[in-house]
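Inspection log for the structure reproduced underneath, given as structure tokens.
The values are calculated or read from the model by the stated rules, or taken from the named source; none is laboratory data. Computed from a predicted model, the values in this text were never measured in an experiment. Using ideal geometry, Cβ is built from the backbone for each residue, glycine included, and neighbour counts are taken over all protein chains shown.
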């Protein structure tokens, strides 16, 4: 019997892989106002805009995921009184997983968007960690800045923002997210060999 791998692996979410990501369907249903299924949404967004999410798998189990895209593809954003959103920004809809998994997913998202020339990312974050959102506290601890706060259906939300001004700035933010673990250069299209091993053992990332 082949031993199971316990090395977490980050992979792009595509239309044909949405079934591998539990809890993804209600997230897409929420942010699209039930306009389409997760498979339909990822097929349309991946084709017309590009990568819109990553998932972390450990063996056969998905332990976290992140969803992001143009605000126009996430119409529920208009229901929250925290706007207006920036015209050139990308909206982080949701990030799921334990603290380390969420940080890894944010790093991967930032790398992807920086490569694509995105200057700003925003999120309608939940101050009370409501489902289908990124938690406000987590984003602020990760270096995002609060912009506006508002209430929606009795719960508080914060518009949080991070600017991808330069590779140096994004690199510093990424290193802050994962402590002293060395990360791949943001100019590289894929993680350098050994990155996942160092992420599992922070001592190997010390200089």
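Run down 93, 123 and say which single residue is under 26 Å from residue 57 (Cβ atoms), outside any helix (DSSP H, G or I) and touching a residue at least 40 places away in the same chain (Cβ under 8 Å).
Values: 123 fails: touching a residue at least 40 places away in the same chain (Cβ under 8 Å).
Unique residue meeting the criteria: 93.
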Task: Filter result (surrounded by 15 or more Cβ atoms within 10 Å (Cβ to Cβ), in a loop (DSSP other than H, G, I, E, B) and without any contact (Cβ under 8 Å) to a residue 12 or more places away in the chain) within region 7-55 - done: 36
- [ ] Identify all residues within region 56-74 that are assigned to a strand (DSSP E or B) and farther than 21 Å from residue 115 by Cβ; write none if there are none.
- [x] 57, 58, 61, 62, 63, 64
Task: region 126-147: number of residues that are surrounded by 19 or more Cβ atoms within 10 Å (Cβ to Cβ) and either part of a loop (DSSP other than H, G, I, E, B) or modelled with pLDDT under 95 (or both) - done: 4
- [ ] Go through (1) modelled with pLDDT under 95; (2) over 22 Å from residue 130 (Cα atoms) one by one and return the number of the condition residue 83 breaks.
- [x] (2)
Task: Filter result (within 20 Å of residue 30 (Cβ to Cβ) and either modelled with pLDDT under 75 or loosely packed, with under 15 Cβ neighbours inside 10 Å (or both)) within region 153-180 - done: 153, 154, 155
